[in-house]
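The values are calculated or read from the model by the stated rules, or taken from the named source; none is laboratory data. For clarity, every value in this text was computed on a predicted model and none was experimentally measured. So basically every Cβ, Gly included, is an ideal-geometry build from the backbone, and we count neighbours across all protein chains shown.
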């Protein structure tokens with residue numbers, strides 16, 4: 001009996017020890033965070049960093065908006081809002097050539113966007129689908145042109161536009177901006193077209209479509225994200241460019257918005273209120289364009305980057 005009791009006691013002790021060990025293991029597991037989870041302190045630090053970054057990003061825009069609502073005597077003060085007025089916008093629209101600048105910019109940016117998207121799309125489709133002599137040199141040429149800083153091209157392009165009689169003409173700016181936007185956009189569209197199966201082209205030819213018909217009816221509808229990115233890049237290139245617009249256009253009525261802004265700050269006077277108001281109005285069309293294109297931007301940029 002004593003032997004049996006001793007064995008039973010030993011077994012019970014082992015079972016109790018096993019439960020305690022399992023409990024410790026479970027407790028250890030419960031205190032171990034899952035992979036990828038953050039501690040409360042790390043989460044607070046992350047959110048604080050994001051808040052600070054957001055404030056830094058938004059503050060310049062907010063300050064320009066507030067400056068546009070200040071009278072001239074308070075334009076360079078640190079007061080957020082003091083004697084707010086719409087006088088800067090009234091002066092801009094009624095006593096300056098802002099509406100002419102706006103019309104010139106809409107013309108130049110609109111034509112540049114339409115032609116840039118068409119040329120880049122057709123070029124990207126050609127080098128993506130067809131093999132022809134000079135294809136690789138063409139692609140290298142498009143790539144190398146992106147390596148030249150814009151500043152060193154002003155003089156040769158100025159002389160070229162002068163020889164062609166295109167100085168102080170919107171067409172001269174359009175051609176110049178196309179030389180900037182098309183090479184990059186063609187590379188990006190080529191990468192996007194590479195993601196579209198070739199079988200779609202083959203099915204179009206089976207149905208009797210020629211290469212352009214296949215491109216226009218079947219491929220372009222599938223390439224909307226890439227076209228959105230291309231259009232956005234071409235539009236921003238023409239809408240906000242300053243160097244060429246200032247060098248190629250003279251006379252206040254012929255300037256674009258980017259060149260017109262410089263007239264508010266001269267060697268002797270600085271109209272910061274009007275300049276801030278013009279900056280606000282200039283940003284509105286770009287923001288509207290971005291709102292319409294944003295749903296395609298991420299997909300288009302990702303596709304072009306992964307296959308470029």
For this session: For segment 194-217, state whether one or more residues are modelled with pLDDT under 90 and within 16 Å of residue 233 (Cα to Cα).
Result: no
Exercise. Surrounded by fewer than 18 Cβ atoms within 10 Å (Cβ to Cβ), over 24 Å from residue 109 (Cα atoms) and in contact with a helix residue (DSSP H, G or I) (Cβ under 8 Å, 6 or more places away or on another chain), is that true of residue 150?
Worked result: no
Exercise. Out of curiosity, is residue 283 surrounded by fewer than 21 Cβ atoms within 10 Å (Cβ to Cβ), at pLDDT 85 or above and under 27 Å from residue 66 (Cβ atoms)?
Worked result: yes
For this session: Answer yes or no as to whether residue 76 is touching a strand residue (DSSP E or B) at 6+ places or on another chain (Cβ under 9 Å) and touching a residue at least 24 places away in the same chain (Cβ under 8 Å).
Result: yes
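The rows are residues; the columns are (1) more than 22 Å from residue 281 (Cβ to Cβ); (2) at pLDDT below 75; (3) in a helix (DSSP H, G or I).
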site: 30; (1), (2), (3): yes, yes, yes
site: 33; (1), (2), (3): yes, yes, no
site: 37; (1), (2), (3): yes, yes, no
site: 60; (1), (2), (3): no, no, yes
site: 67; (1), (2), (3): no, no, yes
Seminar exercise, completed: Picked from segment 164-182 (must be under 26 Å from residue 137 (Cβ atoms) and surrounded by fewer than 19 Cβ atoms within 10 Å (Cβ to Cβ)), the residue farthest from the chain's Cα centre (by Cα) is 164
Exercise. When you look at residue 85, is it loosely packed, with under 12 Cβ neighbours inside 10 Å and not in a helix (DSSP H, G or I), yes or no?
Worked result: no
